[in-house]
Amino acid sequence: MKQEYTISLFTEDHIGILSRITLILTRRQINIESITASESAVKGVQMLTMVVTTTPDMVNKVATQIEKLVDVIKVFVHTSPEIICQEIALYKVTSRGLMSGSMIGDLVRKHHARILEVTPEYIVVEKSGNRAEITDLLAVLEPCGVLQFVRSGRIAVTRQVKELNAYLKEMEEAERGGPEKLEVYN
Amino acid sequence: MKEKTKTAGGQDMNNYEAEVTGAEALLKCLIEEGVDTIFGYPGGAIMPVYDKLLDYSDRLRHILTRHEQGAAHAAQAYAMVTGRPGVCFATSGPGATNLVTGIANAFLDSVPVVFITAQVTSGLIGTDAFQETDILGISTPVTKWNAQVKKAADIPDTIARAFYIARSGRPGPVLVDISKDAQFENLSYSYRKCTYIRSYNPVIPLHIRDIESAAVMINHADKPLILAGHGVILSGAADELKALAEKGGIPVAATLLGLPAFPQRHRLFAGMLGMHGNYAPNVLTNQADLIIAIGMRFDDRVTGNLKKYAPEARIIHIEIDKAEINKNVRVDLEINNDAREVLTALLPLLREKSREKWIREFRILDRVEYEKVIRPETEPGEGEIRMGEVVNTVSDITEGDAVIVTDVGQHQMAVARYYRFSEKSILVTSGGMGTMGFGLPASLGAASGNPGKPVIAFIGDGGFQMTLQELGTIMQYQIPVKIILLNNSFLGMVRQWQEMFFNGRYASTEMVNPDFVALAGAYGIQARSVTRREELSQAVGTMLAAEGPFLVEVAIGREANILPMVEPGASVSEVTLTYR
């Protein structure tokens, strides 16, 4: 049975690695539903979060193939209950539509949204939450006239306790040679 | 060689480094890595490297092939013969793209080759400059790793990484793309071999509990079968495999690339697996109660229909590449480690057994295959010359002590089936990729590795004409390859499939061929043609006795088929011995 998976992976900050990762998914005809890349808590280590829908067997196959890549440090595959995840969305709505009635007050209270900018022409609303919450708000705003709507990829942290730093340390300890020193942002 | 020493300021003589150009640094790095032979083809962007190559000609032999694809195949064959990474040079643009088939071929067969391509000057990269191509992007799906260098100072570290990655873990091709300005630029040269990359851990700790589980499974099995793949050869585990098989009385079947991993005259040798493999190992795969797969990846040509594969067996998979485990076949016990390490640890835990009853089942089926297929193929006595009897003749004369190179197609399967490989044999063939045109350039690469035994290339008339320009390379360097051209004036394997599965409609498989003996003669290569079976062994003898390169063209039956065959979609146990 196909289901949604969040693949979180840590890579060296090298050019071309994203292309190698996406090629593995492309070959298996897996669509990347969302992707986010950023530097992780460890300096020089990039973190990628991807959302895919596929079978348990296939997600394991592609995860091991991704982990095999020389510049990939570690790959984690999570189902939704194992993670806490958020997306962020921006809605640009016509001021005329939104100003009518008590829309703005409702927005902030009910949907935990924020107003970023107000002009005579438009209002920009920001909301973070899960995919459904963001879609719900879009439905609410639609009648007011949505000029632009953009949502980010998913970012996620795991419910498990072990952190990447621990994995990196283990790897370094297993290696007898001169390991590179880790600088951790705090 | 002009090496200026940097003694500015503090006169720190203990720590001086030589100032050299990027091009020269590259060559020095190769020497540090033990390289003595490079296959390649020059062009505009790589000229600085070729210029320096003249200064290093005493330590680095460059073999100029007639096409970059040939250089790539030759470098791969060189690696397969010497056990050291092959090295291949090409220029930017078309030079680099011509390598792609060769890179992919090495990738699918896990052979370490370091490809060095030149790139246009860094300022022009991305502008569609003359002979610029995104070779990094193009080669990404078929390399284990690749990188671009735009500063001379980065050359030593990148080359060190390239060699480390190519040869460690599951070996494979890597590509380093060096811009022309980086080749000209000076750097302070020093070299340190790479032994560690944080994100890449080729050495896996051995889990003793898994080894113990494997031993229990093997000791309790009545009908175990070992499947030996290329990994056995790559990890140098042939002796350990033999010891293990002998102690446990376990028959050993091999994949195409695993054939030389086990001596074929050994009483425990079960034969080749797969589509054109032997009868017994295919049929008995589905009766085995335990399959011990070592350094192989359950390719579809080996397994046939996966739904009907090895239904009775539990499976132990010993494999260094974790991504291969559970990829095609679900296994019961995975041992993700180097074959030699695992077999060494496993051997003392194994109980001595003879399993004569199980082995006898192989012999019974062997007898059937011998009568129905092997004898008519290797000793037809009359009628057209058959591929099998040519291979058999060469096998008898060389007694396994040879480097056997093949191209791809029917003749390749004939070699795999009828050449009796031993511990002394090396097989250079294109397995995963099935690259026609591989044979001739691979043979010159193999012979350049000085294997100390004859290099014999079996090539069909189709594949030969894909890369026959390499006869020029063989001529120029007087490379002593012995070429057996099996000529049926057909693309034989495709014709066989047309006969069997497309109602005999021979679409574009018949070939009008040139006079191959005259062609070899034009390149100054001794050659003769064999049309009668009586001349065969004498011609092979003459060929092997000759000093330099030699070509024997054998006119074989035009419409012969390779059997047995596991037809597409069939189970391995449904292997057919006869066709209609």
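Considering every alpha-carbon pair of the range B:98-218, the percent of pairs per 5 Å bin, from zero through the bin containing the longest distance, is 2, 11, 17, 18, 16, 13, 9, 5, 3, 2, 2, 2, 0.
Round to the nearest 0.05 the FRET efficiency obtained for residue A:130 and residue A:26 when R0 = 25 Å and r is the Cβ-Cβ distance.
Numbers: r = 27 Å, r/R0 = 1.07.
That pair, residue A:130 with residue A:26, gives E of 0.40.
Distance from the alpha carbon centroid of the range B:90-129 to that of the range B:416-436 works out to 27 angstrom. For the range B:495-515 and the range B:534-574, write down the distance between their C-alpha centroids in whole Å. The two parts, judged by their Cα centres, are 18 Å apart. Look at B:317, B:67 and count the other Cβ atoms within 10 Å of each Cβ; fewest to most, that gives B:67, B:317. If you count Lys pairs in the range A:1-95 whose Cα atoms are under 22 Å apart, skipping same-chain pairs closer than 8 places in sequence, the total is 4. Annotation: Cα Rg of the range B:22-146 relative to the compact-globule expectation 2.2 N^0.38 Å equals 0.99. Note on chain A: semi-axes of the ellipsoid equivalent to its C-alpha gyration tensor, largest first and rounded to whole Å, are 38, 19, 14.
Beyond 24 Å between alpha-carbons counts as too far, so tell me which of B:247/B:424; B:151/B:193; B:193/B:453 fall in that bin. Flagged as over cut-off: B:193/B:453. Fraction of C-alpha pairs exceeding 50 angstrom in the protein assembly as shown: 25 percent, rounded to a whole number. Remark: the range B:385-559 carries a charge dipole of roughly 180 debye about the Cα centre, counting +1 on each Lys and Arg Cβ and -1 on each Asp and Glu Cβ.
Would you tell me the mean number of C-beta atoms belonging to other protein chains that fall within 10 Å of each C-beta in A:62-70, as a whole number? Show your work: numbers first, answer last.
Working: counts 1, 1, 8, 5, 1, 3, 8, 5, 15.
The per-residue average across the peptide is 5.
Compared with the direct C-alpha span, the chain from residue B:356 to residue B:128 gains 75.4 nm at full extension, assuming 0.36 nm per residue.
Rounded to the nearest whole angstrom, the semi-axes of the ellipsoid equivalent to the range B:385-559, taken from the Cα gyration tensor as √(5λ), stand at 24, 18, 16, largest first. The helix-only estimate of mean residue ellipticity at 222 nm for the protein assembly as shown, built from DSSP H runs of length n ≥ 4 each weighted as -39500 (n - 2.57), is -9500 deg cm²/dmol after division by the residue total. Whole-Hz Karplus values for the range B:378-389 come out as 8, 9, x, x, 9, x, 5, 6, 10, 4, x, 6 Hz, taken residue by residue from phi with 6.51 cos²θ - 1.76 cosθ + 1.60 and θ = phi - 60°; glycine and proline positions read x.
With a simple spin-label model that places each label point 7 Å from the Cα along the Cα-to-Cβ direction, the separation between residue B:32 and residue B:384 comes to 5.7 nm.
Starting from the Cα-Cα distance between residue B:508 and residue B:190, subtract it from 0.36 nm times their residue separation and give me the gain in nm to one decimal.
Working: separation 318, 0.36 × 318 = 114.48 nm, distance 5.61 nm.
Full extension of this stretch gives 108.9 nm more.
With a 10 Å cut-off around each Cβ of B:322-335, the average count of Cβ atoms from other chains is 2. If you sort the three axes of the alpha carbon gyration tensor as a ≥ b ≥ c, you get a/c under 1.5 for the range B:208-361, which makes it rounded.
Within 10 Å, count the other beta carbons around each residue, average over each peptide in B:158-164, B:484-490, B:556-562, B:517-523, and list them highest first.
Numbers: B:158-164: 22.3, B:484-490: 25.3, B:556-562: 18.7, B:517-523: 16.6.
Final packing ranking: B:484-490, B:158-164, B:556-562, B:517-523.
By its C-alpha gyration tensor, with a ≥ b ≥ c as the square roots of the eigenvalues, how is chain B shaped: rounded for a/c under 1.5, else prolate for a/b larger than b/c, else oblate? Judged from the Cα gyration tensor, chain B comes out oblate (a/c at least 1.5, b/c at or above a/b). With the Cα gyration tensor of the range B:343-419 giving a ≥ b ≥ c as the square roots of its eigenvalues, does the rule (a/c under 1.5 for rounded; else a/b larger than b/c for prolate; else oblate) give rounded, prolate or oblate? Here the range B:343-419 falls in the oblate category.
The value obtained for the range A:84-151, namely the Cα convex hull volume divided by the number of residues, is 71 Å³ per residue.
Set the Förster distance to 22 Å, then compute FRET efficiency between residue B:363 and residue B:265 from the Cβ-Cβ distance, nearest 0.05.
Values: r = 14 Å, r/R0 = 0.63.
The value I calculate is 0.95.
Per residue of B:188-201, other chain Cβ atoms within 10 Å of the residue Cβ number 4 on average.
Of all aspartates and glutamates in the structure, those lying under 15 Å Cα to Cα from residue B:223, and not within fewer than 8 positions of it along the same chain, are B:246, B:289, B:312, B:352, B:356, B:361.
Each of residue B:469 and residue B:47 was given a label point 7 Å from its Cα along the Cα-to-Cβ line. The distance between the two points is 2.1 nm. Spin-label model, residue B:59 to residue A:149: label points 7 Å out along the Cα-to-beta-carbon direction sit 6.6 nm apart. Could you tell me which GluC sites (Glu not before Pro) in the range B:348-430 are loop residues by DSSP with no more than 15 other beta carbons within 10 angstrom of their beta carbon? Hits after loop and neighbour filter: B:352, B:382, B:384, B:399, B:423.
Rule-based calculations on the coordinates, nothing more; no lab input. The structure presented is a predicted model; accordingly, all values stated were derived computationally and were not measured. Note that we place each Cβ from the backbone using ideal geometry, even for glycine, and neighbour counts take in every protein chain shown.
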